[in-house]
Every structure is written in structure tokens, then in C-alpha cells.
1. Those residues that are within 20 Å of Lys62 (Cα to Cα), assigned to a loop (DSSP other than H, G, I, E, B) and out of contact with any Phe, Trp or Tyr (no Cβ under 9 Å at 6 or more places or on another chain), I need them from the stretch 103-146; list them, please.
2. Which condition does Glu64 not pass, out of (1) within 18 Å of Val103 (Cβ to Cβ); (2) modelled with pLDDT of 95 or more, if it passes all the others?
3. Give the stretch 76-102 a look and list any residue that's closer than 25 Å to Thr142 by Cα and surrounded by 19 or more Cβ atoms within 10 Å (Cβ to Cβ), or say none.
4. Please identify the pairs in which a residue from the stretch 170-185 that is crowded, with 16+ Cβ neighbours inside 10 Å has its Cβ atom under 8 Å from the Cβ atom of a residue that is among the charged types (D, E, K, R), counting only partners at least 6 apart or on another chain.
5. Write out, first by first residue and then by second, each pair whose Cβ atoms fall under 7 Å of each other, whose residues are 6+ apart or on separate chains, and whose first residue, in the stretch 2-23, is within 17 Å of Ala221 (Cβ to Cβ) and in a strand (DSSP E or B) while the second is of a type in the set (D, E, K, R) and at pLDDT 85 or above.
6. Scanning for something closer than 26 Å to Pro114 by Cα and either at pLDDT 95 or above or of a type in the set (Val, Ile, Thr) (or both), does the stretch 182-189 turn up at least one residue?
7. Only one of Phe73, Phe52 is assigned to a strand (DSSP E or B), aromatic (Phe, Trp, Tyr), modelled with pLDDT of 95 or more and surrounded by 14 or more Cβ atoms within 10 Å (Cβ to Cβ); which?
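The values are calculated or read from the model by the stated rules, or taken from the named source; none is laboratory data. Quick caveat: nothing in here was measured; it's all calculated off a predicted structure. Cβ atoms come from the backbone with ideal geometry, glycine included; neighbour counts cover every protein chain shown.
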Amino acid sequence: MKLQSELIDFTEGVFRENGSQKLRYAVMRFRYNAETFPWGTRVSEHRFNMRFVQEFEHHLDKIENSGLHGVIFTAEGKYFSNGMDTDFIRANQAEADRLQKRVEIIMSRILKLPMVTIAMINGHCTAAGAIFSLCSDYRLMTSHGLFFTPAVDLGIVYSQGMIEVVKAKISEPSLLRDVLLYSKRYSSKELKDLGIVSSVVESSERGLQECEDIIASHSKASPASLGEVRSRMYSKAIKELSSPNISSMWWSNISKL
């Protein structure tokens with residue numbers, strides 16, 4: 001099954017038969033588009049704005065409780081995701097907190113999915129887009145990828161939930177310091193050496209083949225057990241992300257940028 005919407009392609013199907021078992025996974029691919037949104041953001045940056053989030057939620061609804069063995073998140077073009085759409089927020093400041101919370105709920109839902117989750121990072125992966133990639137079990141990255149989280153440099157902060165995601169996936173103190181506080185930029189090779197990325201690939205197409213192998217290698221995992229253990233492993237991040245309370249990201253500073 002292939003569904004194409006304005007911003008995200010969704011593909012689901014059988015990719016391999018393992019004896020009597022048919023292995024199924026879905027791909028959510030953020031589409032390349034050379035146009036810009038009315039508020040000035042390039043569509044190709046795959047930033048989180050209300051239109052992008054609405055499409056993402058629609059496809060995520062289909063994935064949850066689908067019985068799939070895995071899901072792959074990837075994108076077309078130079079960018080995987082440049083994070084929150086600051087131009088949208090600048091033009092719609094009354095929507096900032098609501099957009100933030102919808103993105104956080106998406107992250108919490110991915111952390112709880114009862115299947116293998118993989119981010120096939122095709123290029124630049126920054127800010128909340130980088131934190132989004134950390135929600136998956138595995139990250140593969142093309143050789144020209146770039147990863148950094150520049151909130152402090154921009155005069156804003158990450159929500160407590162987003163910080164808990166990073167802390168759940170990165171435990172080494174000096175690395176955590178450099179990622180969250182000092183916006184250090186990392187190449188795909190550096191991320192591989194640090195254990196944040198599982199594999200560096202020459203192309204997204206090659207990466208998708210490796211993603212299939214990863215999903216197949218975990219075909220015996222019980223979805224119910226996987227989802228429950230995942231929820232316990234990331235309980236603190238999930239609790240913060242799912243909380244109805246808003247952890248301020250200092251969006252008022254956006255107008256000063």
C-alpha cells in the first residue's frame with residue numbers, strides 16, 4: 001500500500017517471507033518540494049509546523065496497532081529534518097505551545113511503538129529533528145549527514161521532555177554536555193564512532209536495505225513485550241512528553257532572532 005500526501009509518502013507492505021511468516025514494515029518518507037510555505041519556510045527542510053504535524057499524525061495513526069514488524073522514518077533531499085519551524089512560530093506565536101505539545105506527543109508515541117523503529121537519516125538532522133531521530137531504536141545515516149542541536153545558540157531551550165529523550169539515548173556526560181549545551185556539530189562518521197548511529201551508508205537506498213535486515217533480525221520479538229519494555233525503559237521521557245503541562249521553550253525569544 002502506498003499513500004502519497006502533500007508532505008509525507010507512506011508505504012506499507014511485505015518485504016520478506018521468513019518461513020510461514022510474512023515480514024511487514026512501513027516507510028514514512030518526508031517528500032522533497034522546492035516550494036516554500038506562505039510564512040517563508042522551505043518545504044524541503046521538513047520542519048515541524050502544523051501542516052507537517054497533521055500529516056505525520058495521520059500516518060502514525062495507521063502504524064500503531066497495525067501488526068507491522070517495523071517502521072522506517074526517512075526523507076528526500078538535503079535535509080532529514082531541521083526541527084521546529086521557527087518561521088511558522090514567529091508568524092503564529094499563539095500556536096507555539098500547541099505545536100510544541102503535538103510534536104512532543106509524536107515523540108512519545110514513537111518511543112512506545114510495539115515494533116522496530118529506525119531513522120534512516122538522509123542528510124542534515126538538526127534541533128528537534130535530531131531529537132526526533134533519537135526516538136527510534138536505530139539510526140542509519142548517509143555519509144554527508146550532519147547532526148546538531150542549536151537551541152542555546154538561538155536563545156531558546158528544549159522542553160523537559162525533549163531533554164529526557166536525549167538523556168535516555170546518550171549517557172556519556174561530556175557528550176550530553178556538548179550536544180545539549182554547546183551545539184556541537186557531528187558528522188555521520190563521528191556519530192558512528194560515538195555509537196549514536198549504527199551504520200554510515202553511501203545512499204538512502206542502500207540504507208533502506210540495511211533497515212530491512214535489521215527488522216528481519218528482530219522478527220521473533222513479541223510486539224506486546226517490546227512495547228511494554230520500551231515504555232518502561234523510556235518512562236521518564238514518555239511521562240514528560242505526554243504531560244498536558246507545557247514545558248516552556250522560550251518561544252518569545254523567536255521574535256528577537
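1. Leu113, Pro114, Asp137
2. Here Glu64 meets the rest and fails (2).
3. Once the filter is applied, which keeps residues that are closer than 25 Å to Thr142 by Cα and surrounded by 19 or more Cβ atoms within 10 Å (Cβ to Cβ), the stretch 76-102 yields Tyr79, Phe80, Ser81, Asn82, Gly83, Met84, Asp85.
4. Asp178/Lys184; Ser183/Asp153
5. Every condition considered, the pairs that remain are Phe15/Glu212; Arg16/Glu212.
6. Among the residues of the stretch 182-189, not one is closer than 26 Å to Pro114 by Cα and either at pLDDT 95 or above or of a type in the set (Val, Ile, Thr) (or both), which makes the answer no.
7. One residue alone meets the criteria, Phe73.
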